[in-house]
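As structure tokens, the structure follows; a few thoughts come after it.
The values are calculated or read from the model by the stated rules, or taken from the named source; none is laboratory data. Because the structure is predicted, anything quoted here is derived from the model rather than measured. FYI the Cβ positions are ideal-geometry reconstructions off the backbone, even for glycines, and counts take in every protein chain you see.
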Amino acid sequence: MLKQKKLAIILASSLFLAGCGFIAPSALQGSDDAAIEGMGSMPLGLNDEPTEEIHVPRRALIGPNPWQENSSAALSVGPQENVALLKDLIDGAKKTLFIEVFNFANDSMGQQMMPHVVAAAKRGVKVYFLCDYVGSKFVGGAKLGAEMAKAGVEFRMYAPRFIRQDDQRRGINITHRKLYLADGDRGLTGGVNLMSEFDTTTQDILVDFRGFQAAQLHAEFVRDWKLAKGKNLQYEPIKTDQQYGTVRTQTLVTSPPEGRFEAKIAAYQAIETAQREILIEQQYLCDQGLMDRLYDAAKRGVSVRVIVPGKSGSGLFKNLHTIALNALIKAGGQARLYHSGTDGNAHVHTKYFGVDDKWAMFGSLNADTRALIDNQELNVATTDQTLIRALRTRLFEPDWQHSSVTYEFSDSDWYKAPFIKLWQIVNYYV
């Protein structure tokens, strides 16, 4: 973990140093596929530091995914359910298995899941595994990946790249998505990484989709695989004449290389148009644009309730959350700190938004600036009443009532005021 933090700091510092050598990106011309292939990350050795720079196109290379209404959805909450569901999907894959995660670690979770992935490859399933370089290299993911590759798994790491927009260096692009996909018509997404303590105490969710929503997830994986310099993938097409269900959903992503910021737009618009209630359960809640909209919603009489990590939160985010939550309470909102487990130190990693019991969104997207504009992120929005109700009754309300403690307003120490902006900058880059 120390090396991981060190690299993150090096990457952030590099943004401010002159004379860094960058590999120029290909021009954004031609078809969508050609553009993606041209922007793919250069091969990155396990002991190399990233040197590539990408330019954010002025217009999105493709439009948002359409709303679809031919899917089923089942919610899984907590480590026990999530681990069982992951094994079920991997063990049930017949032709293809696609996995994309931020963290893949050589620990209890990684070692528990790897044999299932290897077994899938050995029984003839075409397995493609993509994990993030920064999120996985320093926790043993490369070692596990090498072992899986020997068994026939196509294993790649998504290399971080510096971002340039409007001729200004801005941030670092990584993949923070969590996708577990099988056979073209089944897909899991949420916030679950292949790392401990997602198998023991970390609170998070997965949603099991079958049908057209799963097909959208497959298509997004293929695009990220290309960005990671992978080949064009083939998988079983969705059966267009089959009725999978009636759940209405839409895939929303952050993808700077493609100029796509759909998740940010959706989150902002949902908060702006909320009439009665906003529910948020998030690991990080500190994007200023999003917070300003929450403050405005609370001031106009919308009930705003948020849950963020308690004891397990880092010092940096405790300071940022203190500032944000104090302002929210002043505006009329409510906040609680997740406080579960035998010692009250379990972590909440969920990324959930709910508005007016009419709309909900979940997936990999933290409510911080990096997730909204820099990372590869994927969320799913829904207007399905059954799924919205399940998210509220099985996730948010139990965590609000039984797994959290009321956040109490506290004045920040006067001497911390000059460092608030610095904390925000460090949060953005590290």
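Residues in the stretch 128-140: is at least one surrounded by fewer than 21 Cβ atoms within 10 Å (Cβ to Cβ), touching a residue at least 40 places away in the same chain (Cβ under 8 Å) and either polar (S, T, N, Q) or touching a Ser or Thr at 6+ places or on another chain (Cβ under 8 Å) (or both)? The answer is no, given that none of the residues of the stretch 128-140 is surrounded by fewer than 21 Cβ atoms within 10 Å (Cβ to Cβ), touching a residue at least 40 places away in the same chain (Cβ under 8 Å) and either polar (S, T, N, Q) or touching a Ser or Thr at 6+ places or on another chain (Cβ under 8 Å) (or both). The residues of the stretch 193-238 that are buried (at least 24 other Cβ atoms within 10 Å of the Cβ) and at positive phi amount to a single one, G211. Do we find that G145 is surrounded by 20 or more Cβ atoms within 10 Å (Cβ to Cβ) and closer than 30 Å to K239 by Cα in this structure? No, not satisfied. For the residues Q275, Q250, Q288, the requirement of being touching a residue at least 60 places away in the same chain (Cβ under 8 Å) and within 30 Å of F98 (Cα to Cα) singles out Q250.
Among what's in the stretch 168-200 and is among the β-branched types (V, I, T) and at pLDDT 95 or above, pick the residue that is nearest to A346 (Cα to Cα). Restricting to residues being among the β-branched types (V, I, T) and at pLDDT 95 or above, the top hit is T200.
Applying the set (1) more than 19 Å from the chain's Cα centre (by Cα); (2) buried (at least 16 other Cβ atoms within 10 Å of the Cβ); (3) not in a loop (DSSP other than H, G, I, E, B); (4) not polar (S, T, N, Q) to D296 leaves exactly one unmet item: (2).
The set of residues from the stretch 299-312 being in contact with a strand residue (DSSP E or B) (Cβ under 7 Å, 6 or more places away or on another chain) and either over 9 Å from G333 (Cα atoms) or outside any loop (DSSP other than H, G, I, E, B) (or both) comprises S303, V304, R305, V306, I307, V308, P309, G310. For the residues L75, L61, the requirement of being surrounded by fewer than 23 Cβ atoms within 10 Å (Cβ to Cβ), part of a strand (DSSP E or B) and among the aliphatic types (A, V, I, L, M) singles out L75.
Put simply, of D185, D241 the only residue that is surrounded by fewer than 22 Cβ atoms within 10 Å (Cβ to Cβ) and either under 19 Å from Y128 (Cα atoms) or in the same structural domain as K95 (by TED's automatic domain parsing) (or both) is D241. Can you confirm whether E272 is surrounded by fewer than 24 Cβ atoms within 10 Å (Cβ to Cβ), out of contact with any helix residue (DSSP H, G or I) (no Cβ under 9 Å at 6 or more places or on another chain), among the acidic types (D, E) and assigned by TED's automatic domain parsing to the domain that holds Q376? So E272 fails the test.
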